[in-house]
């Protein structure tokens, strides 16, 4: 069913737990992570730092927790051409603190589009098009400038000033969830437009692709 953005809540991760070592990740439709005495629970959100570039700096929700392993919900690592067997080890960090971003508006996204390269071989009269990955994703937004002094404003300023790793969580009224690993840029210069609220600007600069979960 179609939905509108009304009622969507954005949050940022302001604290990450100490890293837990990943001794291995399985090649499976949903990857099983081996991590001794990790202490995580079902529903926790983590950032994965992995030897697999396609999985590195991705954010996932955890399920099927056992003492020394857990599943990254929705992480399909079954293709061994893309995820070389035995090469996915690294570390993982759990989000421990979220701060909701109140009084934001004008959210927009750019990037994520496929990149191509036009190539013409010497013996041919016709160019061909080669796929060359995807553009980086960036999300931008405005915030009520009078939010200064609130936890949301302080969180964005600190994440921007420290260039810290974070996860942007987007929760729709329907229950749909999006997780984007990102760095924050926050511009405190006020924008004044007659007849409109005074705002400041922020952006989420993606470090990998988002992970989406249905309602």
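Quick look at the numbers
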quantity	calculated
Test: residue in the range 1-13 that is within 15 Å of the chain's Cα centre (by Cα) and within 30 Å of residue 131 (Cα to Cα)	no
In the range 162-192, residue farthest from residue 73 (Cα to Cα) [restricted to those that are outside any strand (DSSP E or B) and touching a residue at least 12 places away in the same chain (Cβ under 8 Å)]	163
Residue within the range 91-98 that is closer than 30 Å to residue 24 by Cα, out of contact with any helix residue (DSSP H, G or I) (no Cβ under 8 Å at 6 or more places or on another chain) and modelled with pLDDT under 95 present	no
Candidate set from the range 77-108 (those that are surrounded by 14 or more Cβ atoms within 10 Å (Cβ to Cβ) and free of Cβ contacts under 8 Å to residues at least 60 places away in the same chain); member that is nearest to residue 142 (Cα to Cα)	103
Where residue 86 falls short, out of the listed (1) outside the structural domain of residue 40 (by TED's automatic domain parsing); (2) at positive phi	(1)
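The values are calculated or read from the model by the stated rules, or taken from the named source; none is laboratory data. This one's a predicted model, so the numbers in the text were calculated from it and none came from an experiment. A quick note on method: Cβ atoms are made from the backbone with ideal geometry, for glycine too, and the neighbour counts reach across all protein chains shown.
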